[in-house]
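Below is one structure, written out as C-alpha cells, with a few remarks after it.
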2 protein chains.
Amino acid sequence: MTQQDPRSGRLIKAPENFIDSEGVRTVFREGKAGRRDFVRGAFAAALSGGAVSAVHAQANPVPAAGGDANILNLPAHTTGLGQPVATDGYGKPSRFETNVQRRPSPGLTQTAQASVSFAPLQSLFGIVTPSGLHFERHHQGWWDVDPSKHRLMLNGGDEKMMKRPLVLTVDEIMRLPSVSRFHVIECGANTGMEWGNVAVPTCQYTHGMISCSEFTGVPLKILLDMAGVDYKRGRYVLAEGADGSSMTRTIPMEMVESGEVLVAYGQNGEMLRPENGYPLRLVVPGVQGVSWVKYLRRIEVGDKPYAAKDEAIHYIDLMPSGLHRQYSNTQEVKSVITTPSGGQVLLDKGYYQISGLAWSGRGKIKRVDVSVDGGRNWKTARLQDPVMSKCLSRFSLDWAWDGKPTIMQSRAMDDTGHVQPNYKQLRAVRGSRSIYHNNAIQSWLVQESGEVKNVQLS
Amino acid sequence: MTQQDPRSGRLIKAPENFIDSEGVRTVFREGKAGRRDFVRGAFAAALSGGAVSAVHAQANPVPAAGGDANILNLPAHTTGLGQPVATDGYGKPSRFETNVQRRPSPGLTQTAQASVSFAPLQSLFGIVTPSGLHFERHHQGWWDVDPSKHRLMLNGGDEKMMKRPLVLTVDEIMRLPSVSRFHVIECGANTGMEWGNVAVPTCQYTHGMISCSEFTGVPLKILLDMAGVDYKRGRYVLAEGADGSSMTRTIPMEMVESGEVLVAYGQNGEMLRPENGYPLRLVVPGVQGVSWVKYLRRIEVGDKPYAAKDEAIHYIDLMPSGLHRQYSNTQEVKSVITTPSGGQVLLDKGYYQISGLAWSGRGKIKRVDVSVDGGRNWKTARLQDPVMSKCLSRFSLDWAWDGKPTIMQSRAMDDTGHVQPNYKQLRAVRGSRSIYHNNAIQSWLVQESGEVKNVQLS
C-alpha cells in the first residue's frame, strides 16, 4: 500500500502497524494545536494496527481499513462494553493462545493410555508451569477419582514395623499440618530420545517431561509418626497408586525423615489435577517423576527395597558393562535453553535475551554458564530469584546475533558441586544404551536462515 | 447400618468408610495365611469407600455396595484403562472441584461489566492463585484483545521529556530483557464492605479481591530508557488501558526507577489471561490493583500527577476531616485467616491447622501473630518459605479446639515495622466513611456449633 507523504508530497510505502518517533511528535504537535479529531484518529490507527500511520492520517483522514461502521476505526474493545465478570467461574487462556498445548509424540508409545504428553517449554515464562500444561505420563490412563471414596492406607511389613496401621480419608489428611513448597518434577525418561541421537525437533519434545509447581501436602513423616513406625527397622517405604497400573515404588526412609516427602493434595494453589493424581500424590523432591506416585492409596514400611515391577524392569539404566543400574532415583543437575530453541526462527540480527531453565535433584542451582560458540567460551548467566532447592530456576543472558551460524549451550552447576556433563563425558560413564537419566548439555544450532535446530555434539 | 462382629458375634454399627488399626492387622494376618481373596476384598471395600469394613468383610464376603459387576467391588479406576494423554491439550480441574469458583456478589454493582468477582481464598493453598481463579475487577467488561494488533505507545508530555517516543508491538516487547517475579495484587476496595460493618459471610467476599502470581515482563525503566526520558523532569508516568474504560493512573517515577514496575505479558508461566489484561498489563508491586492497568496501550511521562478520572473521583479515601485523601497508592500490611473462616464448619473438637495469608505493599512480611481468644493473647505463627517482597505469604499455627465459642484473629507485621491495626486503631485515623484501603484485623467467631461467622470487634 502506498500513500502520499504530507511533507514531501511523494508517494511512499506506508509503514505497517507502526508509528515512528517523528509520527508520534506530529500527533502531539497537532493535538496541542487543538486538532483533537486528528489526534483521536491517529491514535485509533496506531492502536487498532490499521495500515494508516500517524503521519499519513492527516493527508488521508478517511481510515484505510474498510468495513468498520466506526468512522474513527477504533477497535471494538475501546468503544464497547466487554464481557461481564465471572463469565466463567474458572477462566481459560486467550483464544489467541490455543497453540500453547501439551502434546503427545505420535508413535512414541503403543497406546495413548500408557504414554506421555510434553509441556510446551518454549512458550513458558518464569518457573511455574500452568497446571493445564503440566506434562503427563500415565501407565494405564488417567482417572478423575472421587475423593470422598478414596483412602490412603499405611501399613508395615509386619506388626512391629508399624504399631498403628491406619486408613485415612482425604478429609482427614487435609486436616493435618501441611506445608507448601515449589518443586520440579522430571520424568526419568526426559531427554531419552537423545541417547539415540534422534534429535527431536523442539525443546517441548527434548525436555518437556518436566514441570514445576507449588505443591501442598502433609509431610509423610507426620503420617508415619502417627502410625508408630519403628524407624530403626523400617528403612524403606513402598508407595502404591490406585489406578490400573498399581504403580509401586520404593522410597528410602532417609528422604522421608528429612521431611521433604509429601502426601500432596494441592498444586499451584488448588487441588491436584486428575492427570496429576487427584486427590493424592506423593511428592518426592529431587527424585524422578515415576516415584511421585499418583492416586496414592497405600504406603508400606519395610526393611529393604521392594524391587517392585516398576523398578525392577523399568526405569533402570543399562551400563556399558552390560549390567543394569537400579534405584537411580536422583535427577542429576541439568539445564536447557528454551529461547531460542529448536523449531524457533530468529527473524533478524541483533539483540535477543537467551533464556532457559536449570534444576538439580540434589539442591539449589548455583550457577549456569551459557556458550554461544559451541562450548569454546562460556559466560555466566543471570539467575532469577527466588532460587529454590529441587526446583526450576530461570536463567537469562543478553546476546546480539551477528547473523552467522552458531551453536548455543547451557551448563548448570548445583550447590553440591555437581556440574552438568557434555555428551562425551556422559557417554564415557553411561555408554549409549540407556533410556533414562540423560542430563547432558543440550546444543541448539542457529542457522544462517535464523532457523534453530537440535544437534548433538560428539 | 449394622453388621455382625466376626469375633463377638454381636451386632455392631459398621464404621463408615474406615478400617481401624485392628482391622488392618486382621487383613494382613489373613493375607499372610494365604487368604488372598479376602485381602483383595477387604482392600476393595476400604479403597472404594464401601460401607463394609475390613473386619466385617470376612463375616459377610459379598460386597455390600450393589450393582457392580466386579465381584470384588473394585472401583473402575483400579481395573480399567483410563483416559489417554492429552485428552485436552490444556487441562481442567476435577469434576469434583467445580464448586471452587470465583464468584460475583449479586447486587454489589449495577452492571456485571463494571463489577468484581472474588477469588475463593478459603479453598486455596500456598501462595500461587491459579489463573483461572484470579479475582476480576473490570470497569467496562473484559476483552480478548488480538495481540498482533495491539500496540504500546510511549510519549512525553512535551518533546524534551522524551527524546524518542515509541510505539511497540507485543512481539517487540517480548524480545526485550525480561524478569519474572512473584507479586500480590489487591484491589484497593478489598474488604471495603467491612467499613460499614456489613460482615459479608465468607473470606471469599471479605478478602477475595486479591491474587498472587508469578508475573513476567519488561521493566518499564528499560522502555523509558529506550525512549530517552529526562528523569530530572519526568517524575510521573501516566498508564492508560485500551478497553472502553480507558483506565488511566499516575505512577510516581521513583517506583519505575526502582525497576519494580513491569510491562507484563506473562502470568504463572503463560500469557496473561484475557480477564487480567491480555496481552499487556502494568505490574506495580505494592500498589492497589487499579494501577496495574490492563490492556496497557500508552505510557506518558510528565512532571506532575495527572489527577485522571480514575484517581480524582474514585479510589480516594474520605477522611474524618471531610477531605479526601488522594493517591493513596500503597497497600498497607494486612492478613486474613482463610482456614477456619466464615461459612466453614468445624465438625468436631480437636486438632486444626489454622492457616492464612499475609502481605504488605511495603516489602516482606516479617511476622504474623494469631489470637484464638479475640485478641487477648497472641502466638507467633509459622511463615512458609519463600517469603517474598510485595507477595502473599502463607502462615499457619497448630490449634486444638475445645468446643467452646472463640474469636480468631491474625495480625501481620512487615519488615518496615508497620503493624496491621485493629478496627479501633484504623477508625481513629481514617474514620468510617471510606470505601478503600481497609487493612484492619479480621475476626472470625467460631460458634459452639462449629459454624464460623464474620464478626467485627469494636
- Query: Which condition number in (1) basic (K, R); (2) more than 22 Å from the chain's Cα centre (by Cα); (3) within 19 Å of B:T206 (Cα to Cα) is the one that B:K309 fails?
  - Reply: (3)
- Restricted to region A:100-114 and to residues being touching a residue at least 24 places away in the same chain (Cβ under 8 Å) and more than 8 Å from chain B (Cβ to nearest Cβ), the residue surrounded by the fewest Cβ atoms within 10 Å (Cβ to Cβ) is A:S105
- Among the strands (runs of 3 or more DSSP E) lying completely within region A:294-385, list those that include at least 1 residues that are within 14 Å of chain B (Cβ to nearest Cβ) and modelled with pLDDT of 95 or more. A:296-302, A:334-339, A:350-359
- Item | Of the criteria (1) modelled with pLDDT of 95 or more; (2) closer than 20 Å to B:S432 by Cα; (3) among the charged types (D, E, K, R), which one B:K404 fails | (2)
- Message: Looking at B:R137, B:R249, can you tell me which residue is of a type in the set (K, R), under 30 Å from B:R427 (Cα atoms) and away from chain A (no Cβ under 11 Å)?
- Response: B:R249
- Subset of region A:79-97 [loosely packed, with under 15 Cβ neighbours inside 10 Å and modelled with pLDDT of 95 or more]: A:R95
- Which listed residue is farther than 30 Å from B:P75 by Cα, among the aliphatic types (A, V, I, L, M), buried (at least 19 other Cβ atoms within 10 Å of the Cβ) and in contact with an Asp or Glu (Cβ under 8 Å, 6 or more places away or on another chain), from A:V370, A:V333: A:V333
- Task: Go through (1) of a type outside the set (A, V, I, L, M, F, W, C); (2) more than 7 Å from chain A (Cβ to nearest Cβ); (3) out of contact with any Ser or Thr (no Cβ under 7 Å at 6 or more places or on another chain) and name the single condition B:E194 misses.
- Result: (3)
- Name the residue, out of A:V167, A:V184, A:V145, that is out of contact with any strand residue (DSSP E or B) (no Cβ under 8 Å at 6 or more places or on another chain), crowded, with 22+ Cβ neighbours inside 10 Å and within 13 Å of chain B (Cβ to nearest Cβ). A:V145
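Residues are listed down the side, and each one gets a yes or a no for (1) touching a strand residue (DSSP E or B) at 6+ places or on another chain (Cβ under 9 Å); (2) surrounded by fewer than 16 Cβ atoms within 10 Å (Cβ to Cβ); (3) in the same structural domain as A:N268 (by TED's automatic domain parsing):
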| residue | (1), (2), (3) |
| --- | --- |
| A:G361 | yes, no, no |
| A:R376 | no, yes, no |
| A:D385 | yes, yes, no |
| A:L397 | yes, no, no |
| A:S410 | yes, no, no |
| A:K424 | no, yes, no |
- Item | So B:G244, is it within 13 Å of another protein chain (Cβ to nearest Cβ), more than 17 Å from B:E186 (Cα to Cα) and modelled with pLDDT of 95 or more | no
- Message: On the basis of being more than 7 Å from every other protein chain (Cβ to nearest Cβ), under 28 Å from the mean Cα position of the chain (by Cα) and of a type in the set (D, E), does A:D158 make the cut?
- Response: no
- A:D225, sole failed condition from (1) outside any loop (DSSP other than H, G, I, E, B); (2) closer than 21 Å to A:H150 by Cα; (3) within 14 Å of chain B (Cβ to nearest Cβ): (2)
- Please determine, by comparing only the residues of region A:274-285 that are buried (at least 24 other Cβ atoms within 10 Å of the Cβ) and assigned to a loop (DSSP other than H, G, I, E, B), which one is nearest to the other protein chains (Cβ to nearest Cβ). A:Y278
- Query: Mind checking whether some residue in region B:438-447 is crowded, with 22+ Cβ neighbours inside 10 Å, of a type in the set (A, V, I, L, M) and in a strand (DSSP E or B)?
  - Reply: yes
- Message: Return the residues of region A:83-102 that are under 14 Å from A:C203 (Cα atoms), of a type outside the set (S, T, N, Q) and out of contact with any strand residue (DSSP E or B) (no Cβ under 6 Å at 6 or more places or on another chain); say none if nothing qualifies.
- Response: A:V100
- Residues (within 17 Å of B:G277 (Cβ to Cβ) and surrounded by fewer than 24 Cβ atoms within 10 Å (Cβ to Cβ)) located in region B:220-231: B:L223
- Given the structure, is A:E172 without any contact (Cβ under 8 Å) to a residue 12 or more places away in the chain, in the same structural domain as A:V256 (by TED's automatic domain parsing) and touching a Lys or Arg at 6+ places or on another chain (Cβ under 7 Å)? no
- Counting only residues that are touching a Phe, Trp or Tyr at 6+ places or on another chain (Cβ under 6 Å) and of a type in the set (D, E), how many does region A:194-252 have? 2
- Consider B:P177 carefully, then state whether it is at the interface with chain A (Cβ under 9 Å from one of its Cβ atoms), surrounded by fewer than 20 Cβ atoms within 10 Å (Cβ to Cβ) and closer than 25 Å to B:V218 by Cβ. yes
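So that you can scan it fast, the table gives a plain yes or no per residue for (1) over 30 Å from A:D310 (Cα atoms); (2) among the aliphatic types (A, V, I, L, M):
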site	(1), (2)
A:D348	yes, no
A:A358	no, yes
A:G361	no, no
A:I365	no, yes
A:W378	yes, no
A:V387	yes, yes
A:K404	yes, no
A:Q409	yes, no
- Task: Would you mind telling me which numbered condition in (1) more than 11 Å from every other protein chain (Cβ to nearest Cβ); (2) crowded, with 23+ Cβ neighbours inside 10 Å B:A189 fails?
- Result: (2)
- Assuming B:L272 fulfils every condition listed in (1) under 14 Å from B:H183 (Cβ atoms); (2) in contact (Cβ under 8 Å) with a residue 12 or more places away in the chain apart from one, which condition is it? (2)
- Query: So how many residues does region B:252-272 have that are surrounded by fewer than 24 Cβ atoms within 10 Å (Cβ to Cβ), away from chain A (no Cβ under 14 Å) and outside any helix (DSSP H, G or I)?
  - Reply: 2
- Query: Just wondering, is there one or more residues in region A:204-213 that are of a type outside the set (S, T, N, Q) and in a strand (DSSP E or B)?
  - Reply: yes
- Considering B:G234, B:G208, B:G241, which residue is buried (at least 24 other Cβ atoms within 10 Å of the Cβ), farther than 27 Å from B:S335 by Cβ and touching a Leu at 6+ places or on another chain (Cβ under 9 Å)? B:G241
- Item | When residues of region A:115-134 are limited to those that are in a helix (DSSP H, G or I) and not polar (S, T, N, Q), the one farthest from the other protein chains (Cβ to nearest Cβ) | A:L121
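The values are calculated or read from the model by the stated rules, or taken from the named source; none is laboratory data. The model shown is predicted, which means the values in this text are computed figures rather than measured ones. Positions of Cβ are generated from backbone atoms using ideal geometry, with glycine treated the same way; all protein chains shown enter the neighbour counts.
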